[in-house]
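Inspection log for the structure reproduced underneath, given as structure tokens.
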Amino acid sequence: MGACMALCSLASCASCLCGSAPCLVCGCCPSSNNSTVTRLVFSFFLLLGTMVSVIMILPGMETQLRKIPGFCQGGTTILGIENQVKCDVIVGYKSVYRMCFAMACFFFLFSAIMIRVRNSKDPRAVIQNGFWFFKFLILVGITVGAFFIPDGAFNSVWFYFGLVGSFIFILIQLILLIDFAHSWNKIWVENAEETQNKCWFAGLLSFTVLHYALAFSAVVLFYIYYTQPDDCTENKVFISLNLIFCLIISVVSILPKIQEAQPHSGLLQASLISLYTMYVTWSAMTNNPNRKCNPSLLSLVSHANTTATQPTASPGSGHVQWWDAQGIVGLVIFLFCTLYASIRSSTNAQVNKLMQTEEGTGSGGEGVVGKDGVHRAVDNEEENVTYSYSFFHFHLCLASLYIMMTLTNWYQPDTTTQAMQSTMPAVWVKMCSSWLGLGLYLWTLIAPLIFPDRDFN
């Protein structure tokens, strides 16, 4: 009896994976809106690929694979069996490039297919919301094919694709953070006004002070560790400019006319944007090829004097520190933004227009109870889609490129020496994205004053 019940349950889940509209017809999926469930599953595909990339780039992975008899070329052999696998390709930065190339192609394919889908009655919406097992097989197939791409110029060319895609994704991250801070501030202020409980205001003040404290502490540490009295002019300019820009947006956000036009704007949003800007500044400086201006994390922890022991990085330098603090922080921010983009329900009209979503429709419902008493996902897109299918996939495509650059520390492959090197283009991409992001946030503050006849609420 137990075996029969298990088989029935497995068959139900199989229909959920292979059906034309899973989460609408089977009870093994979460009780939520269909639009939310779909975004979460696609985000899970992205996170699964990220986990595989992390495993592939772990230090010592190639050494362990070479110990497997008959597996790697040049590794342990078995009599009569020829080792066929190039382990230098399936691990390290080459594997990350190929894994992320496969994910980017997968999401770009769906982005092209889902252009101008208006509601769930469109036949393409069935593909979007179902056939998960087959979509997973497509992703696996593209991934396997990507590992057969010859080295040649692929790594170098794909590096520049990663730079451009990551630049755009950083801007999207900033937009999502602005939206998150806006929603956070609005909800807590409304709770304070409704309950007459000043603890909500105290919470907003505490987080605002915390964000500014972390941001300005970062500035002090940057000047101490990432500048030299007679060197590191670029870093000094980057730190000083972003400090000035953060002060400007903070002052503008609390101006009386700005508050009159946008009552929910304030220092909470400005503090969070300032903190994120300092992270991007730090991330940029860690890619400076001048080792005097870019101390390693190990030297910072051990208080070692790296300026006397580490020469300026040369193009042939093969030392790569895969796991550093800025990379880990970048992954955490990426995970947060990916999850938030999947479940967000915003009332910010400007952000909704930029992100191609409908107002207040991102969160899940309570589901519909079927005759068997099981909660099923709700098709909440019969009239109109709650988000742009095509833009959502394009966002995940850019996220794949950002993950590729983050896991490889934005190092550029050198095809002649098979090494990785820090480059100034990565520095400028990050800094320009931070400046453009700050300009975008400043525009959201002053746009209602410049165009008073338009509705920005």
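Assorted remarks:
- Amide H contacts of Asn33: Gly364, Gly365, Val378, each under 5 Å away and 5 or more positions distant or on a separate chain (H built 1.01 Å from N in the peptide plane; Pro and chain starts excluded).
- In order along segment 183-189, the Karplus-derived 3J(HN,Hα) couplings, from 6.51 cos²θ - 1.76 cosθ + 1.60 at θ = phi - 60°, round to 5, 4, 4, 5, 5, 5, 5 Hz, and Gly and Pro are given as x.
- Karplus-derived 3J(HN,Hα) values for segment 96-104, using 6.51 cos²θ - 1.76 cosθ + 1.60 with θ = phi - 60°, are 5, 4, 6, 5, 6, 4, 5, 5, 5 Hz; glycine and proline are entered as x.
- Vicinal HN-Hα couplings computed from phi for segment 272-285 (Karplus, 6.51 cos²θ - 1.76 cosθ + 1.60; Hz; Gly/Pro x): 5, 5, 5, 5, 5, 4, 5, 5, 5, 4, 4, 4, 5, 5
- Extension gain for Ala153 to Arg118 (0.36 nm times residue separation, less C-alpha to C-alpha distance): 8.6 nm.
- Unit Cα scatterers, Debye sum, segment 100-230: log10 I(q)/I(0) for q = 0.10, 0.16 Å⁻¹: -0.71, -1.00
- Taking amide hydrogens as placed 1.01 Å from N in the peptide plane, the amide H of Asn294 sits under 5 Å from that of no residue at least 5 positions away in sequence or on another chain.
- Label-point gap, in nm, between Trp428 and Val164 - each point 7 angstrom along Cα→Cβ: 1.6
Where a number appears in this text, it was derived from the coordinates with a stated rule and is not lab data. Since the model is a prediction, treat every value here as computed from it, not as a measurement. All Cβ positions, even for glycine, are placed from backbone atoms using ideal geometry, and neighbour counts span all protein chains on display.
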